[in-house]
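The values are calculated or read from the model by the stated rules, or taken from the named source; none is laboratory data. Remember, it's a predicted structure, so these values are computed and weren't measured experimentally. All Cβ positions, even for glycine, are placed from backbone atoms using ideal geometry, and neighbour counts span all protein chains on display. Ligands, DNA and RNA are excluded from the accessible area calculation, which covers all protein heavy atoms including side chains. Shrake-Rupley method; radii C 1.70, N 1.55, O 1.52, S 1.80 Å.
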Amino acid sequence: MRDRFRFERPCRRTARRAKAAMPVITLAIAALASGCGTAGPPHAVAPPPPVPPRSVSAAQMARLPRATTFGTTPAAPRDPAPFAPETGIVLHPAAARVIYARPGGPPVAVLPVTEIGSPTWVPVVQSQPGWDQVLLPTRPNRSTGWIYLGGGGLQTAYSAYRVEINLAAYRLTILDAGRRLGSWTVAEGAAGTPTPTGRTFLLASLAPPHPTYSPLILPLGAHSDTLTTFGGGPGTVGLHGWPHPAVFGHAVSHGCVRVPAAALRALSRVPLGSPVMITS
């Protein structure tokens, strides 16, 4: 169910991915002022070496907050552009990795291998040589952090999928490489428990053994802004089905987005880490 990624070599970008391509640097060839010749051929400009990460001991790592939906990362930087498109690049750590406030900056969290029983995939929103800035699934909403790409242990993939949720229109749309796969009327958070806006991502996929209201629950990397807990959990916002279609087109939930059965089937094929954009 989660095999729709287009995989790349770990910690590299390929030329086939236009969204992740490095900018091309063009060098102007200046004519000589006398007009009797031209400058020599351009020379490639070597990129600056990556900023090395700060050393973090095992004891220090153990004291850092875990970047999970149950965690809080107060020192993590906020998303610099919460309504900008994501890159489509997603990362999976093969082992727990330290998250930093900035390249070469202080550590702020540890990204685990799994999230709520699913493999951890987080989306990249910005890159520098040797570093990627990723969205985190922690409180406060829109938390981010920088992960060092050196040292191995990271798997990189590209997801062409994008989920768009327009709260004003009660509309959820799934895109694959810009092609619309479907669009459905949904239910959203009530006035007192609104669905949070901004870019987030599919965090996990849960299939309850004895489902009551939905055969599949897809937690997002976002939380309710008004509820600190719900149903014994940390107030994580998610996408899930609902047995009564009368709710669709209304603001009635505790923050989650309730979707029709056809939408839930389509969402089940979207890879973890894929971007979700929620607008009001």
Taking the conditions exactly as written (part of a loop (DSSP other than H, G, I, E, B) and either under 24 Å from the mean Cα position of the chain (by Cα) or modelled with pLDDT of 95 or more (or both)), does P41 satisfy them or not?
no
Give me the pairs: first residue in region 143-159 and among the hydroxyl-bearing types (S, T, Y), second residue assigned to a strand (DSSP E or B) and at pLDDT below 95, beta-carbon distance under 7 Å, and six or more apart or on different chains, which are they?
Y158/R6
Looking at P243, is it part of a loop (DSSP other than H, G, I, E, B), over 22 Å from the mean Cα position of the chain (by Cα) and not hydroxyl-bearing (S, T, Y)?
yes
Within region 56-94, which residues are open to solvent by 40 Å² or more (accessible area, probe 1.4 Å), more than 17 Å from T120 (Cβ to Cβ) and not β-branched (V, I, T)?
S57, A58, A59, Q60, A62, R63, P74, A75, R78, P80, F83, P85
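Every residue, every condition in (1) surrounded by fewer than 19 Cβ atoms within 10 Å (Cβ to Cβ); (2) at pLDDT 95 or above; (3) closer than 22 Å to A169 by Cα; (4) among the polar types (S, T, N, Q), yes or no:
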residue: L220; (1), (2), (3), (4): no, yes, yes, no
residue: G232; (1), (2), (3), (4): yes, no, no, no
residue: A246; (1), (2), (3), (4): yes, yes, yes, no
residue: G249; (1), (2), (3), (4): yes, yes, yes, no
residue: S253; (1), (2), (3), (4): no, yes, yes, yes
How about region 105-129: which of its residues are open to solvent by 20 Å² or more (accessible area, probe 1.4 Å) and either farther than 30 Å from T229 by Cβ or of a type in the set (D, E, K, R) (or both)?
Q126, S127, Q128, P129
Of everything in region 45-55, what is at pLDDT 95 or above and open to solvent by 60 Å² or more (accessible area, probe 1.4 Å)? Give them in sequence order.
V51, P52, R54, S55
Output for region 173-223, where each listed residue is over 21 Å from L91 (Cβ atoms), without any contact (Cβ under 8 Å) to a residue 60 or more places away in the chain and touching a His at 6+ places or on another chain (Cβ under 8 Å)
Y213, S214, L216, I217
Criterion: in contact with a strand residue (DSSP E or B) (Cβ under 6 Å, 6 or more places away or on another chain) and within 26 Å of E86 (Cβ to Cβ) - qualifying residue of G233, G249, G238
G238
Would you call R180 among the charged types (D, E, K, R) and under 19 Å from D79 (Cβ atoms)?
no
Inspect all residues belonging to region 194-205 and state whether any of them is under 23 Å from A81 (Cα atoms), at pLDDT 95 or above, surrounded by fewer than 20 Cβ atoms within 10 Å (Cβ to Cβ) and basic (K, R).
no
